[in-house]
Structure formats: structure tokens, C-alpha cells
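Single-structure report; data block below.
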Amino acid sequence: MCAVYRTAPERIQVGQRTVSTDEMTGVQALERLAPDLPPRPGQVARREFEYKRHGTCSFFINFDVATGQVFSPSSGPTRTEADFVAHVRRTVASDATARQWHFVVDNLDIHRSESLVRYIAALTNCTDDLGVKYVRGVLRSKASRAAFLSDPTHPVVFHYTPKHASWLNQVEIWLSILVRKLLRRGNFRSVEDLRNQVLSFIAYFNRTMAKPFKWTYQGKPLRV
């Protein structure tokens, strides 16, 4: 995984995009019933604790490892197998000049689903029998589907974080920025207002803060 990040700047020079992707689900659109009270000398800011809940939204976020930009986000009420495939399709369509895409994802089932395998197979013009889910062939198991999706010869390649190490996915760092800067103290009058504020924050981040995360691993043995 560290090697994928380290070589991302080299790959972008030959038209290959490296994208760290994850979801943030069930984000609540909470409207505070009264405005916060600003800080005063000797007193911290005070936040209204009563709120009205307008619903939730799920976000699919792409972090470009080589540039530090967040691009082509998706949002909606659910996070399903079909939602993730649609998000990958939109992401790939966002840059027609890219020769190959590398997606860094965790081991969630929707990241190695039957629908995703069939989408990648169609991209590669694969005519082989993919088999039957849970029975045989590429579709037989999560491991067999992940192996197919990780094939480096495909135009879209998936790189999976180790089990219990989803924190290695760089987009997790960006999602923590979103929580601290916007969601934790945000005030949202509707789900649409929540979506618009998140999109506005992404645009602001790209203008003012975007840069690649510093990944310091150099391939040396780790000391225990």
C-alpha cells in the first residue's frame, strides 16, 4: 500500500490516476434550534444542544493521492453495491485522458462485488465465463473477486488495504478534516443543504488547502 502511494506521482506523469476512495454514511442533517453563543472574555463559545433532524446522506469521496485534490464526489440516501459501481463509473468518466485508474479501497463487500466485477469485465472486453456467485469461477468468493479486480493489466485496478488496517486509506485523513472543519459544528436546514455545504467545502479545500499527504515510509524494515 505504501508503494502505491509512493509511486503515484510517477504514474500520473504517464496518465495513470491514483485515487483513495471511501464512504461516509449516515451523515445527519441537524439544524440547531438556536444559534450558538459566541465566546466572551472568560467564557468559551456555547453550543445549542437541541436540534431538529432532517434526515441523513451518504457520501462517496475520492482523494487524488498525487495532487491532494478531492474530486467527483457522489452522494445519496444509501451505500449499496449499485451505488459504489455508479460512483466508480462517474469517477472514470470524469477524466477521459486517463490511461489507467488505481483505486485504493478497504475490504468492504461492495468494493469487491459481483456488479463491480461485471463492470470491470465489460471495460476490458472480457468474454470469459465469470462463473456463478458462491459457486464457481471469478464470482465464487470475495477472495476470487478481489483477485480479479486487483489485476494490474486492467484499465481500472483496485488496491485493498490489509484487514484491520483501513486507516491506511489516505482519504480517511481527509474525512477527518471534513468532520473537524464542517460537520462537527455545522448547521444544516435540510439534506440538500448538507449536500451543498459539503460540496462547497470540497471546492474551498481544493482552492486553499489541497496538497498531497506526506507519506514517510521509505521501504526500510520497521523496528519492533
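The values are calculated or read from the model by the stated rules, or taken from the named source; none is laboratory data. Because the structure is a prediction, the values reported are computed rather than measured. Positions of Cβ are generated from backbone atoms using ideal geometry, with glycine treated the same way; all protein chains shown enter the neighbour counts. SASA here: full protein model, heavy atoms, side chains in, ligands and nucleic acids out. Shrake-Rupley method; radii C 1.70, N 1.55, O 1.52, S 1.80 Å.
Consider region 118-144. How many of its residues are open to solvent by 30 Å² or more (accessible area, probe 1.4 Å) and more than 28 Å from Val171 (Cα to Cα)? I'd like the intermediate steps shown before the answer.
Step one: list which residues in region 118-144 are open to solvent by 30 Å² or more (accessible area, probe 1.4 Å), which gives 118, 122-129, 132-138, 140-144.
Still in the list and also more than 28 Å from Val171 (Cα to Cα): 125-129, 132-138, 140.
Qualifying residue count, region 118-144: 13.
Mind listing just one residue for me: the one in region 162-189 that is of a type in the set (S, T, N, Q) and either at positive phi or in a helix (DSSP H, G or I) (or both) and, of those, surrounded by the fewest Cβ atoms within 10 Å (Cβ to Cβ)?
In this case the residue turns out to be Ser176.
Hey, among Val117, Val104, Val132, which residue is touching a Lys or Arg at 6+ places or on another chain (Cβ under 6 Å) and of a type in the set (A, V, I, L, M, F, W, C)?
Val117
Go through Ser58, Ser150, Ser115 for me and flag whichever is free of Cβ contacts under 8 Å to residues at least 24 places away in the same chain, of a type in the set (Gly, Ala, Ser) and open to solvent by less than 50 Å² (accessible area, probe 1.4 Å).
Values: Ser58 fails: free of Cβ contacts under 8 Å to residues at least 24 places away in the same chain; Ser115 fails: free of Cβ contacts under 8 Å to residues at least 24 places away in the same chain.
It is Ser150.
Looking only at residues that are of a type in the set (S, T, N, Q) and modelled with pLDDT of 95 or more in region 170-207, which one is nearest to Thr56 (Cα to Cα)?
Checked region 170-207; the qualifying residue nearest to Thr56 (Cα to Cα) is Ser190.
If I ask for residues that are open to solvent by less than 40 Å² (accessible area, probe 1.4 Å) and either assigned to a loop (DSSP other than H, G, I, E, B) or touching a Pro at 6+ places or on another chain (Cβ under 6 Å) (or both), which ones from region 203-218 would you list?
Ala210, the sole residue that qualifies.
Among the residues of region 6-23, is there at least one that is in a loop (DSSP other than H, G, I, E, B), free of Cβ contacts under 8 Å to residues at least 60 places away in the same chain, open to solvent by 30 Å² or more (accessible area, probe 1.4 Å) and within 20 Å of Ser150 (Cα to Cα)?
Within region 6-23 (the criterion being in a loop (DSSP other than H, G, I, E, B), free of Cβ contacts under 8 Å to residues at least 60 places away in the same chain, open to solvent by 30 Å² or more (accessible area, probe 1.4 Å) and within 20 Å of Ser150 (Cα to Cα)), the answer is yes, since at least one residue qualifies.
I'd like the full set of residues that are of a type in the set (A, V, I, L, M, F, W, C), open to solvent by 10 Å² or more (accessible area, probe 1.4 Å) and part of a strand (DSSP E or B), limited to region 61-97.
Answer for region 61-97, where residues must be of a type in the set (A, V, I, L, M, F, W, C), open to solvent by 10 Å² or more (accessible area, probe 1.4 Å) and part of a strand (DSSP E or B): just Phe71.
Assess whether Leu139 counts as being among the hydrophobic types (A, V, I, L, M, F, W, C), touching a residue at least 24 places away in the same chain (Cβ under 8 Å) and assigned to a helix (DSSP H, G or I).
So Leu139 does not fit the description; no.
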